[in-house]
Amino acid sequence: PRNGTAWTTSPYLTIVDDDELSPSLRRMDGGAIVDPFENNFYLDLPVRLAWGIPGHIGASTPKVSVQDFDNVVQNYLGLSGHLQDWMYADGVRLDFRADLNAGIMEIPYISDQTEPVTSDVQVGFVGPGDTIRFEGRYAYVSGLSNGVSIQPEIPLTMEITRQAAAKVTEPGKDYIPFAGEVWTETFTGGMFDFNITAPPVTNEFVYTFRLINLPTGANDVTDAYCGDFDGYGCAEFTLKVDFNAPKVASNSWELTKGGTEDALGEELPSSVLHCVDAVVTIEEPEKLLQDEVEIRWQFYSDPSTGLTWPVYGQAFGAGPLSTQVNLVKGVGEYYASVDCIDLWPDPVEPSATQMAGVRVIFWVYGTDSAGSSILGGGPTSEGNVVPINGNSDEATSQYNLINEEAVFGIGTVRFDPAQPEVGQQMNLEVYLQNTGSLAGTVDLRVMGVYDGVASRETVHTSQELAVGATAWESITLESFLTPTTGLYYLIYDDVTGELLYNGSDTAGGLINVKVESDSGQDGAMALLLVGLVGVVAVLATLVMVLLRRGGGSDLDENEDEYDDYDDQKQVVSLPSSAPAADVSPQMAEAMKTFPQWNQEQIQGYFDQGWDIPSLLEWVNSQE
């Protein structure tokens with residue numbers, strides 16, 4: 001052969017000569033050689049090596065020589081340039097890469113293509129008839145061992161076998177038998193990408209695959225490589241098909257007060273809005289995924305029309321609130337639970353008047369691993385919202401929202417001591433009553449007001465009072481630094497801000513703080529007063545005796561005249577400040593002693609612990 005032809009006599013080498021590749025002799029600039037005396041040129045000679053060449057496994061440097069058939073004297077020409085080393089190999093296998101500890105597939109890759117998509121087919125189920133994409137590549141073993149993936153260029157044929165699936169009937173499983181199947185896929189360049197249709201019944205289907213019809217000398221070592229470990233997708237994989245939709249088990253729903261076993265029935269008290277526990281059982285023999293199941297709830301004015309409670313809508317919008325559940329696998333079912341759900345995650349809570357007629361509905365939302373929706377209440381296609389229905393109020397997930405709270409009122413407030421002095425601590429004795437519908441405590445914020453200026457004194461947490469219970473709460477206040485008059489106290493609920501007691505409009509609510517007294521001086525003063533009273537009494541007696549002795553005749557005459565007049569006199573009722581006949585002797589005496597005060601004011605002082613002598617002493621000290 002002459003004039004631009006190329007041939008070989010080797011049984012292991014084939015010169016490629018087709019439309020895309022063919023031998024060519026070119027000038028260094030790539031143009032065709034026309035001049036027979038061209039000094040520099042290059043030869044482009046594509047070749048294909050045969051599979052299974054004996055003794056040529058591994059790297060080698062090719063030996064090239066050029067012979068001039070027309071020059072018998074010098075028929076071998078020297079060559080210049082770089083000769084690249086070659087790596088010859090005839091073994092191929094699946095290029096398998098994965099993080100086996102984390103269960104992450106890199107290549108090959110198997111994925112669900114049908115909505116709803118199963119995110120991870122290794123652990124999840126796919127739906128019957130789903131389209132499953134299977135993609136990957138084959139590469140030379142020698143290249144893979146050196147960290148590179150070099151694909152064979154020849155056409156390859158893969159044989160895929162779906163093994164027959166047997167019938168399984170056991171707790172938690174009810175698999176339907178299904179026949180096996182074998183088919184082939186052809187690809188070039190070492191890369192494959194084709195679809196598999198999932199069988200139409202519930203079962204777990206095992207697929208195996210291998211290369212067939214390889215050229216003589218070629219060798220697929222995938223089985224030997226994958227046999228050393230259990231890797232999903234390495235010569236084998238499993239597709240789990242789920243034809244059954246999960247549903248909430250009958251009478252399995254329960255909502256309890258957070259941290260207790262007190263199940264809630266028809267009513268949902270406002271006192272538990274921020275912490276309830278929920279449990280429910282979901283019938284699912286196949287697979288539920290942790291992040292794909294949640295409990296949802298919403299507040300409605302009318303569930304039959306799906307009308308959202310406006311107060312809820314202003315706080316959270318038109319959609320439901322939700323929380324993910326904790327799943328525990330049982331036999332043919334899953335146990336879902338959530339601890340301490342905050343049903344109203346907003347700092348502004350609804351008032352008692354706003355809660356009338358409000359319904360709270362819970363439902364289970366999510367899908368199984370195959371994408372089938374869980375049947376467990378919620379919005380319907382008709383526009384209404386239905387709960388999880390049970391045979392009792394406790395097993396039905398619809399509730400009437402009711403206001404339940406501890407409400408406190410203050411009856412009497414006493415002061416101890418009733419007459420505080422500068423430097424002396426005082427205790428407030430507060431008569432507290434729980435008039436609400438729930439046992440609880442109250443934080444009392446006490447503020448003193450003097451001359452129109454309020455100052456915070458203290459915050460006191462009461463003991464827990466049952467519904468309707470009463471108790472005295474003792475609150476210690478700071479000692480007074482200066483004498484004051486007209487001091488009064490305000491007592492608030494520190495949480496709600498409600499004013500529970502106002503000393504300025506309560507009888508006996510005004511307090512005067514006296515200058516600190518000296519007990520020794522008080523005793524001496526008392527003795528002095530007693531002595532003076534005794535002297536005055538003696539002098540008065542002496543004067544009366546002297547008057548009777550010195551003016552007896554005149555006095556007798558006057559008495560006779562008065563006796564004559566007595567028969568003719570008329571009785572006239574004069575205004576008097578005398579006390580009412582039905583008051584106590586102590587009140588009667590006090591009203592005579594303190595005419596500037598009425599009966600109600602005096603009773604207020606008595607309620608604070610004052611008595612007549614202490615009031616008289618205080619009045620005299622103010623003059």
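Throughout, read-outs are computed from the coordinates displayed, never taken from laboratory work. Note that the structure is a prediction, hence the values are computed from the model and not measured. With ideal geometry, Cβ positions are generated from the backbone for all residues, glycine too; neighbour counts draw on all protein chains shown.
Quick one: which residues, 5 or more positions from Glu254 or on another chain, have an amide H under 5 Å from its amide H? H modelled 1.01 Å from N in the peptide plane, none for Pro or chain starts.
Val279
Which residues' amide hydrogens lie under 5 Å from the amide hydrogen of Gln298, considering only partners 5 or more residues apart or on another chain, with H built in the peptide plane?
Excluding prolines and chain starts, which carry no amide H, the hits are Ile361.
Sketch the reach of a paramagnetic label on Leu307 as a point 7 Å from Cα along Cα-to-Cβ, and name the residues of the stretch 345-385 whose backbone nitrogen lies under 13 Å away.
357-359
Quick one: length gained pulling Leu45 to Glu185 fully straight, 0.36 nm per residue minus the C-alpha distance?
Numbers: separation 140, 0.36 × 140 = 50.40 nm, distance 3.27 nm.
So the chain would gain 47.1 nm between Leu45 and Glu185.
So how far apart, in nm, are the two label points at Leu21 and Phe229 if each is 7 Å from Cα heading toward Cβ?
Result: 3.4 nm between the two label points.
Give me the count of lysine pairs in the chain whose alpha carbons sit under 16 angstrom apart, restricted to pairs 8 or more positions apart or on different chains.
9
Expected output is a single nm value to one decimal: the length gained when fully extending between Leu616 and Asp70, i.e. 0.36 nm times separation in residues minus the C-alpha distance. What is it?
181.3 nm
For a test of the definition: using alpha carbon positions, the gyration tensor, and the 1.5 limit on a/c, classify the stretch 408-513 as rounded, prolate or oblate.
Prolate shape, in that a/c is at least 1.5 and a/b is the bigger ratio.
Give a residue-ordered list of calculated ³J(HN,Hα) values for the stretch 37-54 (Karplus: 6.51 cos²θ - 1.76 cosθ + 1.60, θ = phi - 60°; whole Hz; x for Gly, Pro).
After applying 6.51 cos²θ - 1.76 cosθ + 1.60, I find 9, 4, 7, 10, 7, 9, 10, 9, 10, x, 10, 10, 7, 6, 7, x, 6, x Hz.
Within 10 Å of each residue's Cβ, count the other Cβ atoms and sort Ile33, Ile402 from fewest upward.
On the way: Ile33 13, Ile402 16.
Fewest-to-most Cβ neighbours within 10 Å comes out as Ile33, Ile402.
Quick one: Debye curve from the alpha-carbon atoms of the chain only, equal weights, vacuum; give me log10 I(q)/I(0) at q = 0.12 Å⁻¹ to two decimals.
-1.23
R0 = 56 Å: FRET efficiency of Thr496 with Glu106, Cβ-based, nearest 0.05?
Details: r = 60 Å, r/R0 = 1.07.
Between Thr496 and Glu106 the formula returns 0.40.
Where in the stretch 349-426 are there GluC sites (Glu not before Pro) that are in a DSSP coil and have at most 10 other Cβ atoms within 10 angstrom of their Cβ? Mind showing how you got there, number by number?
Values: sites: Glu382, Glu394, Glu404, Glu405, Glu421; in loops: Glu382, Glu404, Glu405.
Hits after loop and neighbour filter: Glu382.
Using the membrane-span-like helix rule (whole DSSP H runs, Cα extent along the own axis of at least 20 Å, mean Kyte-Doolittle hydropathy at least 0.0), which helices of the chain qualify?
Details: long enough: 519-550 (47 Å, 1.60); 552-566 (21 Å, -2.33).
Span-like helices in the chain: 519-550.
For every other residue with a beta carbon closer than 11 angstrom to the beta carbon of Leu321, add +1 if it is Lys or Arg and -1 if Asp or Glu, then tell me the sum. Please list the in-between numbers first.
Working: positive: Arg296; negative: Glu294, Asp342, Asp346.
Here the count lands on -2.
Could you give the length gained by full extension between Glu394 and Ala588, i.e. 0.36 nm per residue of separation minus their alpha carbon distance, to one decimal place? Intermediate values should be presented prior to the final figure.
Details: separation 194, 0.36 × 194 = 69.84 nm, distance 6.40 nm.
Value of the extension gain: 63.4 nm.
Return the loop-located GluC sites (Glu not before Pro) in the stretch 252-295 (DSSP other than H, G, I, E, B) with at most 12 other Cβ atoms within 10 Å of their own Cβ; answer none if there are none. Write down the numbers at each step before the final one.
Numbers: sites: Glu254, Glu261, Glu266, Glu267, Glu283, Glu286, Glu292, Glu294; in loops: Glu261, Glu266, Glu286.
Here the sparse-neighbourhood loop sites are Glu261, Glu266.
Separation between the Val148 and Ser351 pseudo-spin-labels, each 7 Å from Cα along Cα→Cβ, expressed in nm?
Label-label distance for Val148 and Ser351, simple model: 8.0 nm.
From the phi of every residue in the stretch 298-305, what ³J(HN,Hα) in whole Hz does the Karplus formula 6.51 cos²θ - 1.76 cosθ + 1.60 yield, where θ is phi - 60° and glycine or proline is x?
7, 9, 10, 7, 8, x, 5, 10
Please give the charge dipole size of the chain, origin at the Cα centre, charges +1 on K and R Cβ atoms and -1 on D and E Cβ atoms. Round to the nearest 20 debye.
For this selection, approximately 3260 debye.
Plugging the Kirkwood radius over Cα pairs into Stokes-Einstein for the stretch 91-241, at a temperature of 4 °C and a viscosity of 1.567 mPa s, what D comes out in µm²/s? Please list the in-between numbers first.
Working: Rh = 16.4 Å.
So the translational diffusion coefficient is about 79 µm²/s.
Between Thr161 and Gln84, what is the FRET efficiency for a Förster distance of 45 Å, r being their Cβ-Cβ separation, to the nearest 0.05?
On the way: r = 41 Å, r/R0 = 0.92.
Efficiency at R0 = 45 Å is approximately 0.60.
If I model a spin label at Asn251 and Tyr431 as a point 7 Å from the Cα along the Cα→Cβ vector, what separation in nanometres do I get?
5.2 nm
Go ahead and estimate [θ] at 222 nm for the chain from helices alone: -39,500 (n - 2.57) per DSSP H run with n ≥ 4, summed, over the residue count, rounded to 500.
Details: 8 runs with 93 residues, N = 623.
For the chain, the value works out to -4500 deg cm²/dmol.
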